[in-house]
Amino acid sequence: MTGTAEPIVMDLKRAPNVHAATQAKGEALRAALAAQRTGTGLAAEQLDALPVPHRRVERWKHTPVAGFWSTPEAPSVQTIEAAGSEACPVPGLHAYRMVFVNGTFDAKASDLPVHNGVRCEPISMSDADAGSQGPLESTDWFAALNQAFATEGMKLHVAKGVILDRPLLVHHHTSGENNANFMRHDIHIEANAQVELIHWSTASDSSTGMVNIMTHMSVESGAVVALDKVQDEAGSLQHLAFEQINQAQSSQVRVHTGTIQGNWVRNDLNFRLNGEGCETVLNGFFLPKGKEFVDNHTTVDHRAAHCNSSEQYQGILYGTSSGVFNGKVFVRPHAQQTNAYQQNGNILVTDKATINAKPELEIYADDVKCSHGCTIGQFDEEALFYARSRGIGEKEAKAMLVHAFIGDVLEGFAVAEVRMEVEHRLAIKHGWDTWNDTLESA
Amino acid sequence: MAYDGNDKVLEEVTGKSYEFGFTTDIESDKAPAGLNEDIIRLISSKKEEPEWLLKWRLDAFAVWQKMKEPDWPHLQYQKPDYQAISYYSAPKQKKQLNSLDEVDPEMRKTMDKLGISMEEQKRLSGVAVDFVMDSVSVATSFKEKLGELGIIFCSMSDAVKEHPELVQKYLGSVVPTKDNFFSALNSAVFTDGSFCYIPKGVRCPMELSTYFRINESGTGQFERTLVVADESSYVSYLEGCTAPQRDENQLHAAVVELVALDESEIKYSTVQNWYPGDAEGKGGVFNFVTKRGICHRRSKISWTQVETGSAVTWKYPSCILKGDHSVGEFYSVAVTNNAQQADTGTKMIHLGKNTHSTIISKGISAGKSHNSYRGLVQVMPSADNARNFSQCDSLLMTDTSGAHTFPYIEVKNPTAKVEHEATTSKIGEDQIFYCLQRGIDEEQAISLIVNGYAKEVLNQLPMEFAVEAQKLLSISLEGSVG
Amino acid sequence: MVNIKELQASIGETPILKGLNLEIKPGEVHAIMGPNGSGKSTLASVLAGREDYEVTGGAVDFEGQDLLEMDATERARSGLFLAFQYPVEIPGVSNINFMRAAVNGKREHDGLEPIKGKDFLNLVKEKASLVELDGRLRNRSVNEGFSGGEKKRNEIFQMAMLEPRFAVLDETDSGLDIDALRIVANGVNAMRSPDRSFLVITHYQRLLDYIVPDFVHVLVDGKIVLSGDKDLALKLEEKGYDWIKEDVIA
């Protein structure tokens, strides 16, 4: 038995769980990609040494990956059909925009910030060494795949004390078949700077293939960052998003993730609280329908004392959709006086919908207050009946209840226009034409 | 609870006095170390088992050979060398005990210190004590009374001989041999255990208990327990060792199967206090136990466990709620101190309609120990109106210990209601100071607070067990505040 | 009985008590009043031995013993009782078991056998009637789910059970309605005796209508700046604390 100077991160102690057939498929995909594009230089050996996810790998237990291997032909390199054709997804939003279509920077559609102390450019046009991504931190194969092939993305640097005057919207649009789009965003927010970011993903109806976006964010002391993340992709894409957010002393980061639409979505949101006094908020909602699949994995790693983290994910599952929530709160030794709160609520609307939830606490310091709650249930029949007895139609009543259920999360989105557009799109998807009326009368 | 003179008891619990066990006179009848088909044939023939059971064991062995020891628990230990273990040793020469006075005086002394004399146990509670391996007469005094009601309560070996039809029908029906690495191993080599059958409509009038067993082959490494409650019957079964168990065995891989037929109820309580190893984590028992019950229509299985012992615990007493309106419950207190590690919890598998389950888990981590709750609540598509409530709390006594919660919740039915709550916090300094100010010393204050914290679970234990469990908690946590 | 000399205490780096002097003789009831933040509750905590506070100077003699040398349990067993401003909830621990542990702890200290179950229950019954604490509360978990008034009555009940030589009541009147205040005060008054002393810490004069003190002291900025008889309390009620800051200190 060892002492507890360092926590036992059991995942790392284990021998990689390799499934030979899956491994071969993963390697085939990697080879196909390597044959048609220049990578970042991450060696094939390094990638092949990682286990390709399958059901027996804990982090991927409920996340079906078979779809990645189902198209045998080589992934295509899609380009922009008509530059500048992507409109801002949020009407009326006064924001800077950086647009990527099929993984390629669309300068014509973009409106980059021109602001003192802010450097914002696509990696392909950056002076800084695009390949300087540091050593491989993640042991996840898909994250490593991104590291090997993401040659485009955003590089954002906000200097000390600078407050960006408008939100910065990063728009990813995907169209065409058999995509394999890799993007990497490197974000560096210096001390006491403030910025509001929006990540918005859309796709055309006929789009297929994979979108793989990795965001590295380093937030220095006292900086304040809000990230509103909206996923509204038509078509049948497989969307992987990895975020690694490292927070220094007294910084504040709020991330809100709303999944409106997506055939197959996996979000991996990871926080590292490296300095004392960090504030972290991570909220999200997902309302999958039909055969959609939405998976939210989150980690909040409390590495320093006196930090607060608060997490709330709400899911409502329709049709034959399925959802995964896996939230991990990790409190390291010496991270005393940690307050960590986590809540996950789920509603199963139909017979065939499923949810797999795993709210985890791993705690190695004693003077902490940590709690988590998880519920799985249905719409409150009483409330539904009450509303209907007052003459409100069933559909409207349900819309009201949906709003009540995800209302706290929606409220948390930093940019009001984003919140309203999200509500609008949800209403369209679910046919709640009365959503906005409901809101106003509520 | 005022509890004095703890130091000596603690010494007994953790000290050097664990040298009981297999002694010299068994050497001649001990199988060579290692596991192969011949050893299994030897075990089976020594026990004069029928052919079907030998075949069952050999099948299990074949499965086991293909399996890997699990590495998913939050545990770190040196995996045992399964070929270095001797899988069969005949019980040592038995003395016929005519009265309790002949029970090993040291053991009696320890029990007395814990405040439980066996006479008292017997007198107060009518516990029928099953000294399975010893076939010692003291234990079987209640057998006649049970027999009148048609209740069968005997060792597994006897059951194989006397009630083969029941054993063959139910053995492995809840925990299939290939369920996991340890259950497969157990199925191949189990030496003995307990068997209990409650006939239709019978309410067992006393708590059945394997209360106090001297370590011979029965408590050996591979124990097998099977409890069958026939329709509309009831039984409360107590297992374990409220007195510190003396055992040199490093590895325990027991299997417990419960079958609750329609409208029956089984209450299964465990107080586990195996040797936890010394303060540095040297020695101690590896406790890898598979416990599972199956609930038929309108039946109920309730697991209650107080886990204070073992160096490593890997244990998930579970319920398969197969029948409509069946109920599963799990109440657990797990205390780890020094270098102990526990990864324990439950699985509630909801298959039937209107099935309910409740999980109350209280973990207490002291010293530099690690205590994990791992649980699964699974609602299958067929389980309309399934309900689950889970509460998993962790209390940390030191800044070198760890408390972890890994609840898996998988729901495939929209009518399910599942609620899970968990908290982790430090033992309240305000609470301790309040006690101190009232003249209650620190040790006692901690004991009070911890027992209060665990009360919901302790209340589930039969009365006489609860008192001892409380004392065990206190002993386990002595000197634990850092 | 209690003699506090030049007591200084701080929490962290912040000094709170800055040389406090107070002598309390057997049978006397002293009241300490003062504005918020003057150090009233710190004094109570320091006397009871809470470790969050560091004593940086001075001495406290308690019946010939050095109080500051004793740990909190010893102080309690030697006869010092603190009625908490915010009594702590201890889930799962019944009030009655809690008190039995406390009573037996004291008896052990006094060289007595543990109390017999029946005697204990009789004692509980007798003392509980003093503060009209009903049986339901006795069997509930310590302070859990008690109303503010019930908590304070429970404090006085515990005091009666433990029969201290010296009791410190820390803002016992806070959060009490007038009926509860009367009940609590009656309980305290019933315990007044020539060999028992009280230190009543309060922000308001109201409590002192019911528990009439022999002396009233005003604590400002960690020191006693003014002492008098019960009329001083009335004057404070009328004029507030500001005049002291202006007249006395300035």
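Under the rule of at least 5 residues apart or a separate chain, name every residue whose amide H is placed under 5 Å from the amide H of A:ASN263.
Amide H neighbours of A:ASN263: A:LEU237.
Mind computing the radius of gyration and Dmax over the alpha-carbon atoms of region C:2-249? Å is fine for both.
17.9, 58
Restricting attention to chain A, give the cysteines that have no other cysteine Cβ less than 4.7 angstrom from their Cβ.
Those would be A:CYS88, A:CYS120, A:CYS370, A:CYS374, since no other cysteine Cβ in chain A comes under 4.7 Å of theirs.
Tell me the net charge near A:HIS297. Cut-off is 11 Å between Cβ atoms, A:HIS297 excluded, with +1 for each Lys or Arg and -1 for each Asp or Glu.
Spelling it out: positives minus negatives among the neighbours equals -1.
Report the net charge of residues surrounding C:LEU121, where surrounding means a beta-carbon distance below 12 angstrom and charges are Lys +1, Arg +1, Asp -1, Glu -1.
Here the charged neighbours net out to +4.
Count, for each residue of B:392-400, the Cβ atoms from other chains sitting within 10 Å of its Cβ, then give me the mean as a whole number.
Counting other chains' Cβ atoms within 10 Å and averaging over B:392-400 gives 4.
Which whole-number percentage describes the relative contact order of chain A, with Cα contacts under 8 Å and a sequence gap of 6 or more?
10 percent
In terms of the ratio Rg/(2.2 N^0.38 Å) built on C-alpha atoms, what value belongs to region B:228-355?
Cα-based Rg divided by the globular estimate yields 1.13.
Go through A:LYS358/B:LYS169; B:LYS55/B:LYS161; B:LYS68/B:LYS347; B:LYS47/B:LYS291 and tell me which ones have a Cα-Cα distance over 26 Å in this structure.
From A:LYS358/B:LYS169; B:LYS55/B:LYS161; B:LYS68/B:LYS347; B:LYS47/B:LYS291, over 26 Å: A:LYS358/B:LYS169.
What is the distance in Å between the Cα centroid of region C:68-84 and that of region B:251-327?
Taking the Cα centre of region B:251-327 as reference, the centre of region C:68-84 is 45 Å away.
Report, in debye and to the nearest 20, how large the dipole of the protein assembly as shown comes out about its Cα centre when Lys and Arg carry +1 and Asp and Glu carry -1 on their Cβ.
The dipole magnitude comes to about 2280 debye.
Select from chain A the helices, each a whole stretch of DSSP H, whose alpha-carbon atoms run 20 Å or more along the helix axis and whose Kyte-Doolittle mean is at least 0.0; answer none if there are none.
Helices meeting the criterion: A:20-36, A:394-412.
Would you give the gap between the C-alpha center of region B:37-82 and the C-alpha center of region A:25-42, rounded to a whole Å?
First find each Cα centre; the distance between them is then 45 Å.
List, in the order given, every pair from B:LYS362/C:LYS40; C:LYS151/C:LYS235; A:LYS108/A:LYS155 whose Cα-Cα distance in the structure shown is over 27 Å.
B:LYS362/C:LYS40; C:LYS151/C:LYS235
Sort C:143-151, B:172-180, A:297-305 by packing, meaning the average of other beta carbons within 10 Å per residue, with the highest value first.
A:297-305, B:172-180, C:143-151
Starting from the amide H of B:ALA416, placed 1.01 Å from N in the peptide plane, find each other amide H under 5 Å away whose residue is 5 or more places distant or on another chain.
For B:ALA416, whose amide H was placed from the backbone, the distant partners under 5 Å are B:ASN385, B:ALA386.
For region C:185-210 and region A:347-400, what is the separation of their C-alpha centers, rounded to whole Å?
If you average the Cα positions of each part, the centres end up 53 Å apart.
Per-residue ellipticity at 222 nm for the protein assembly as shown, helices alone: DSSP H runs ≥ 4 residues times -39500 (n - 2.57), over residue total, nearest 500 deg cm²/dmol?
Helix contribution divided over all residues of the protein assembly as shown: -7500 deg cm²/dmol.
Go through region A:349-359 residue by residue and turn each phi into a ³J(HN,Hα) via Karplus (6.51, -1.76, 1.60, θ = phi - 60°); whole Hz please, and just put x for glycine and proline.
Computed from phi, the couplings for region A:349-359 are 8, 10, 4, 9, 6, 9, 9, 10, 10, 8, x Hz.
Students often forget the sequence filter, so: which lysines lie under 16 Å Cα-Cα from A:LYS229 once same-chain residues fewer than 8 apart are removed?
Partners within reach: none.
Along the charge dipole of the protein assembly as shown, pointing to its positive end and built from +1/-1 on Cβ of Lys, Arg, Asp and Glu, which listed residue (B:VAL271, A:CYS120, B:SER326) has its Cα farthest out?
It is B:SER326.
Taking the Cα centre as origin and putting +1 on Lys and Arg beta-carbons and -1 on Asp and Glu beta-carbons, what dipole magnitude results for chain C, to the nearest 20 debye?
Using Cβ point charges on Lys, Arg, Asp and Glu, chain C gives about 800 debye.
Less than 25 Å apart at the alpha-carbon level, and either on another chain or at least 8 residues along: which lysines does that give for A:LYS395?
A:LYS395 reaches A:LYS289, A:LYS291, A:LYS352, A:LYS429, B:LYS412, B:LYS417.
Give the lysines whose C-alpha is closer than 16 Å to that of C:LYS239, dropping any in the same chain fewer than 8 places away, or say none.
Result set, ordered by chain and number: C:LYS230.
For chain A, just say rounded, prolate or oblate: build the C-alpha gyration tensor, square-root its eigenvalues into a ≥ b ≥ c, call rounded for a/c under 1.5, and beyond that prolate if a/b exceeds b/c, oblate if not.
Taking the square roots of the gyration eigenvalues as a ≥ b ≥ c, chain A is rounded.
Would you please classify the overall shape of region A:132-243 from the alpha carbon gyration tensor, given that a ≥ b ≥ c denote the square roots of the eigenvalues, rounded means a/c under 1.5, and beyond that prolate means a/b larger than b/c while oblate covers the rest?
oblate
List the residues whose amide H sits under 5 Å from the amide H of B:VAL306, counting only those 5 or more places along or on another chain, with H placed 1.01 Å from N in the peptide plane.
Here B:THR270, B:VAL271, B:GLN272, B:VAL333 satisfy the definition.
Please give the average number of partner chain Cβ atoms lying within 10 Å of the Cβ of each residue in B:443-456, rounded to a whole number.
That works out to 4 on average.
For the protein assembly as shown, with the dipole built from +1 on Lys and Arg beta-carbon atoms and -1 on Asp and Glu ones, taken about the Cα centre, which of A:TRP432, A:GLY26, B:ASN36 lies farthest toward the positive end?
B:ASN36
Among A:HIS306, A:ALA248, A:PRO91, whose Cα sits farthest toward the positive end of the charge dipole of region A:20-378 (+1 at Cβ of Lys/Arg, -1 at Cβ of Asp/Glu, about the Cα centre)?
The residue sitting farthest along the positive end of the dipole is A:HIS306.
Can you give the mean number of other chain Cβ atoms that lie within 10 Å of the Cβ atoms in peptide B:368-374?
Rounded to a whole number, the mean comes out at 3.
Using the Karplus curve 6.51 cos²θ - 1.76 cosθ + 1.60 with θ = phi - 60°, what ³J(HN,Hα) values do you get for each residue of region A:289-302, in whole Hz, with x for Gly and Pro?
Once θ is set to phi - 60°, the couplings for region A:289-302 become 9, x, 9, 4, 10, 10, 10, 10, 9, 10, 9, 10, 9, 7 Hz.
Name the shape class, rounded, prolate or oblate, that the alpha-carbon gyration tensor gives for the protein assembly as shown, where a ≥ b ≥ c are the square roots of its eigenvalues, rounded holds for a/c under 1.5, and otherwise prolate holds if a/b is larger than b/c and oblate otherwise.
oblate
No lab work stands behind these numbers, since they all come straight from the coordinates. Given the structure is predicted, the values throughout are model-derived calculations rather than measurements. Glycine also receives a Cβ, built like all others from the backbone with ideal geometry; neighbour counts cover every protein chain displayed.
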